[in-house]
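Worksheet: the structure to be examined is printed underneath.
The values are calculated or read from the model by the stated rules, or taken from the named source; none is laboratory data. Computed from a prediction, not measured in an experiment: that's the story for all the values here. With ideal geometry, Cβ positions are generated from the backbone for all residues, glycine too; neighbour counts draw on all protein chains shown.
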Amino acid sequence: MTTILCVRKGNEVVIAGDGQATLGETVIFKSKSVKVRRIGNGKIIAGFAGAAADGITLIERLEGKLEKYAYQLKRAAVELAKDWRMDKYLRQLQAFMIVADKDVSLVISGTGEVMEPDDGIIGIGSGGNYAMAAAKALSDVEGLSPEDIARKAMNIAGDIDVYTNHNLIIEKVSKDEQH
(Lines give C-alpha, C1' and ligand atoms only; values in the text may rest on other atoms or scores of the structure.)
Protein backbone atom coordinates (compact mmCIF):
# COMPACT_ATOMS: atom_id res chain seq x y z
CA MET A 1 0.00 0.00 0.00
CA THR A 2 0.92 3.63 0.25
CA THR A 3 -0.41 6.89 1.59
CA ILE A 4 -2.07 9.62 -0.44
CA LEU A 5 -3.29 12.81 1.23
CA CYS A 6 -5.33 15.72 -0.12
CA VAL A 7 -5.44 19.04 1.72
CA ARG A 8 -7.58 21.96 0.58
CA LYS A 9 -7.19 25.31 2.35
CA GLY A 10 -7.86 28.81 1.10
CA ASN A 11 -7.26 29.04 -2.64
CA GLU A 12 -4.99 25.97 -2.87
CA VAL A 13 -5.33 22.23 -2.95
CA VAL A 14 -2.43 19.81 -2.55
CA ILE A 15 -2.17 16.08 -3.11
CA ALA A 16 0.84 14.37 -1.56
CA GLY A 17 1.97 10.77 -1.88
CA ASP A 18 4.94 8.83 -0.62
CA GLY A 19 7.37 7.16 -3.00
CA GLN A 20 7.48 3.69 -1.47
CA ALA A 21 6.30 0.63 -3.39
CA THR A 22 5.83 -2.75 -1.78
CA LEU A 23 5.22 -6.24 -3.04
CA GLY A 24 3.51 -8.07 -0.24
CA GLU A 25 5.64 -7.39 2.81
CA THR A 26 8.77 -6.46 0.85
CA VAL A 27 9.75 -2.89 0.01
CA ILE A 28 10.63 -2.78 -3.70
CA PHE A 29 11.26 0.97 -4.12
CA LYS A 30 12.00 3.43 -1.35
CA SER A 31 11.52 6.61 -3.37
CA LYS A 32 10.89 5.95 -7.06
CA SER A 33 7.17 5.24 -7.18
CA VAL A 34 5.15 8.18 -8.54
CA LYS A 35 1.56 7.92 -7.39
CA VAL A 36 0.61 11.59 -7.68
CA ARG A 37 0.47 13.45 -11.00
CA ARG A 38 -1.17 16.17 -13.00
CA ILE A 39 -3.71 14.91 -15.50
CA GLY A 40 -6.08 16.10 -18.17
CA ASN A 41 -5.48 19.71 -18.99
CA GLY A 42 -2.85 20.12 -16.26
CA LYS A 43 -5.34 21.75 -13.90
CA ILE A 44 -6.32 18.47 -12.23
CA ILE A 45 -4.21 16.39 -9.87
CA ALA A 46 -4.70 12.74 -9.03
CA GLY A 47 -3.20 10.26 -6.62
CA PHE A 48 -3.80 6.57 -6.17
CA ALA A 49 -3.24 3.92 -3.54
CA GLY A 50 -3.27 0.22 -4.26
CA ALA A 51 -1.84 -1.84 -7.09
CA ALA A 52 0.30 0.42 -9.29
CA ALA A 53 -0.86 -0.94 -12.63
CA ASP A 54 -4.47 -0.67 -11.47
CA GLY A 55 -4.01 2.92 -10.31
CA ILE A 56 -2.37 3.92 -13.59
CA THR A 57 -5.18 2.23 -15.54
CA LEU A 58 -7.76 4.19 -13.54
CA ILE A 59 -5.96 7.48 -14.09
CA GLU A 60 -5.87 6.79 -17.84
CA ARG A 61 -9.60 5.99 -17.80
CA LEU A 62 -10.31 9.18 -15.86
CA GLU A 63 -8.35 11.21 -18.41
CA GLY A 64 -10.58 9.80 -21.14
CA LYS A 65 -13.68 10.75 -19.16
CA LEU A 66 -12.31 14.25 -18.56
CA GLU A 67 -11.82 14.76 -22.29
CA LYS A 68 -15.29 13.41 -23.01
CA TYR A 69 -16.98 15.65 -20.42
CA ALA A 70 -15.07 18.91 -21.09
CA TYR A 71 -12.87 18.61 -17.97
CA GLN A 72 -15.83 18.67 -15.58
CA LEU A 73 -14.17 16.74 -12.76
CA LYS A 74 -17.32 15.74 -10.83
CA ARG A 75 -19.05 14.46 -13.96
CA ALA A 76 -15.97 12.57 -15.15
CA ALA A 77 -15.47 11.03 -11.69
CA VAL A 78 -19.07 9.83 -11.49
CA GLU A 79 -18.86 8.31 -14.97
CA LEU A 80 -15.58 6.55 -14.08
CA ALA A 81 -17.09 5.22 -10.83
CA LYS A 82 -20.11 3.85 -12.72
CA ASP A 83 -17.84 2.08 -15.22
CA TRP A 84 -15.57 0.84 -12.44
CA ARG A 85 -18.51 -0.71 -10.62
CA MET A 86 -20.28 -2.18 -13.66
CA ASP A 87 -17.45 -3.30 -15.97
CA LYS A 88 -16.28 -6.87 -15.37
CA TYR A 89 -12.62 -6.00 -16.07
CA LEU A 90 -12.53 -2.75 -14.11
CA ARG A 91 -14.30 -4.32 -11.13
CA GLN A 92 -11.16 -6.41 -10.54
CA LEU A 93 -8.91 -3.36 -10.11
CA GLN A 94 -7.54 -2.93 -6.60
CA ALA A 95 -7.00 0.80 -6.05
CA PHE A 96 -8.51 4.00 -4.68
CA MET A 97 -8.09 7.47 -6.14
CA ILE A 98 -8.11 11.04 -4.92
CA VAL A 99 -8.64 13.70 -7.56
CA ALA A 100 -8.80 17.46 -7.20
CA ASP A 101 -9.07 20.63 -9.21
CA LYS A 102 -9.35 24.26 -8.12
CA ASP A 103 -12.94 23.74 -6.95
CA VAL A 104 -13.48 20.18 -5.76
CA SER A 105 -11.64 17.28 -4.05
CA LEU A 106 -13.01 13.76 -4.48
CA VAL A 107 -12.21 10.21 -3.47
CA ILE A 108 -13.29 7.56 -5.98
CA SER A 109 -13.68 3.89 -5.08
CA GLY A 110 -14.32 0.70 -6.98
CA THR A 111 -17.66 0.27 -5.24
CA GLY A 112 -19.03 3.15 -7.27
CA GLU A 113 -18.60 5.81 -4.62
CA VAL A 114 -17.55 9.38 -5.35
CA MET A 115 -17.23 11.33 -2.11
CA GLU A 116 -16.34 14.94 -1.37
CA PRO A 117 -15.10 15.74 2.15
CA ASP A 118 -16.71 18.57 4.09
CA ASP A 119 -13.37 19.96 5.24
CA GLY A 120 -11.26 19.36 2.10
CA ILE A 121 -9.04 16.73 3.74
CA ILE A 122 -8.90 13.16 2.41
CA GLY A 123 -6.47 10.32 3.15
CA ILE A 124 -6.30 6.91 1.47
CA GLY A 125 -3.97 3.95 1.60
CA SER A 126 -2.38 2.14 4.50
CA GLY A 127 -1.30 5.37 6.23
CA GLY A 128 -4.27 7.41 5.04
CA ASN A 129 -6.04 7.58 8.38
CA TYR A 130 -2.85 8.68 10.17
CA ALA A 131 -2.13 11.38 7.58
CA MET A 132 -5.74 12.53 7.53
CA ALA A 133 -5.92 12.80 11.34
CA ALA A 134 -2.66 14.76 11.45
CA ALA A 135 -3.81 17.07 8.64
CA LYS A 136 -7.10 17.75 10.41
CA ALA A 137 -5.21 18.64 13.60
CA LEU A 138 -2.84 20.94 11.68
CA SER A 139 -5.45 22.58 9.46
CA ASP A 140 -6.32 25.28 12.01
CA VAL A 141 -2.70 26.27 12.68
CA GLU A 142 -2.25 29.85 11.55
CA GLY A 143 0.32 30.39 8.83
CA LEU A 144 0.50 26.80 7.57
CA SER A 145 -0.15 26.41 3.84
CA PRO A 146 -1.84 23.30 2.46
CA GLU A 147 1.60 22.10 1.36
CA ASP A 148 3.05 22.63 4.85
CA ILE A 149 0.14 20.71 6.37
CA ALA A 150 0.50 17.88 3.84
CA ARG A 151 4.27 17.56 4.42
CA LYS A 152 3.93 17.48 8.20
CA ALA A 153 0.97 15.06 8.11
CA MET A 154 2.68 12.73 5.63
CA ASN A 155 5.82 12.70 7.79
CA ILE A 156 3.71 11.69 10.78
CA ALA A 157 2.11 8.91 8.72
CA GLY A 158 5.57 7.81 7.57
CA ASP A 159 6.72 7.56 11.18
CA ILE A 160 3.77 5.30 12.09
CA ASP A 161 2.93 3.23 8.98
CA VAL A 162 5.55 0.78 7.71
CA TYR A 163 4.13 1.01 4.16
CA THR A 164 4.65 4.79 4.01
CA ASN A 165 7.97 6.59 3.71
CA HIS A 166 9.19 10.19 3.84
CA ASN A 167 10.02 10.58 0.13
CA LEU A 168 7.12 12.74 -1.00
CA ILE A 169 5.70 13.70 -4.37
CA ILE A 170 3.50 16.79 -4.07
CA GLU A 171 1.36 18.49 -6.67
CA LYS A 172 -0.78 21.56 -6.08
CA VAL A 173 -3.43 23.58 -7.86
CA SER A 174 -4.47 27.11 -7.02
CA LYS A 175 -7.60 29.03 -7.94
CA ASP A 176 -5.23 31.80 -9.08
CA GLU A 177 -3.17 29.46 -11.32
CA GLN A 178 -3.12 30.14 -15.05
CA HIS A 179 -2.39 27.47 -17.68
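One table, with the values for the structure above:
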{"item": "Residues of the stretch 106-143 that turn out to be within 17 Å of L58 (Cβ to Cβ) and surrounded by 16 or more Cβ atoms within 10 Å (Cβ to Cβ), as a count", "result": "9"}
{"item": "Which numbered condition G40 fails, given (1) touching a Gly at 6+ places or on another chain (Cβ under 9 Å); (2) at pLDDT below 95", "result": "(1)"}
{"item": "Matching residues, the stretch 12-29, being at pLDDT below 95 and surrounded by fewer than 24 Cβ atoms within 10 Å (Cβ to Cβ)", "result": "G19, A21, T22, L23, G24, E25, T26, V27, I28, F29"}
{"item": "Given (1) crowded, with 16+ Cβ neighbours inside 10 Å; (2) at pLDDT 90 or above; (3) acidic (D, E), index of the condition D103 fails", "result": "(1)"}
{"item": "Filter pass, D148 being acidic (D, E), surrounded by fewer than 16 Cβ atoms within 10 Å (Cβ to Cβ) and either at positive phi or assigned to a helix (DSSP H, G or I) (or both)", "result": "yes"}
{"item": "Single match in A157, A135, A81 (criterion: under 17 Å from K172 (Cβ atoms) and either of a type outside the set (A, V, I, L, M) or touching a strand residue (DSSP E or B) at 6+ places or on another chain (Cβ under 9 Å) (or both))", "result": "A135"}
{"item": "Pair list, Cβ under 7 Å, 6 or more apart: the stretch 155-167 residue hydrophobic (A, V, I, L, M, F, W, C), other residue buried (at least 21 other Cβ atoms within 10 Å of the Cβ) and assigned to a loop (DSSP other than H, G, I, E, B)", "result": "A157/G127; A157/T164; I160/G127"}
{"item": "Failed criterion for M97 (all others in (1) under 27 Å from M154 (Cβ atoms); (2) more than 13 Å from the chain's Cα centre (by Cα) hold)", "result": "(2)"}
{"item": "Residue pairs meeting the criteria (Cβ under 7 Å; at least 6 apart or on separate chains; first farther than 17 Å from G10 by Cβ, in the stretch 98-125; second of a type in the set (D, E) and surrounded by fewer than 23 Cβ atoms within 10 Å (Cβ to Cβ))", "result": "L106/E116"}
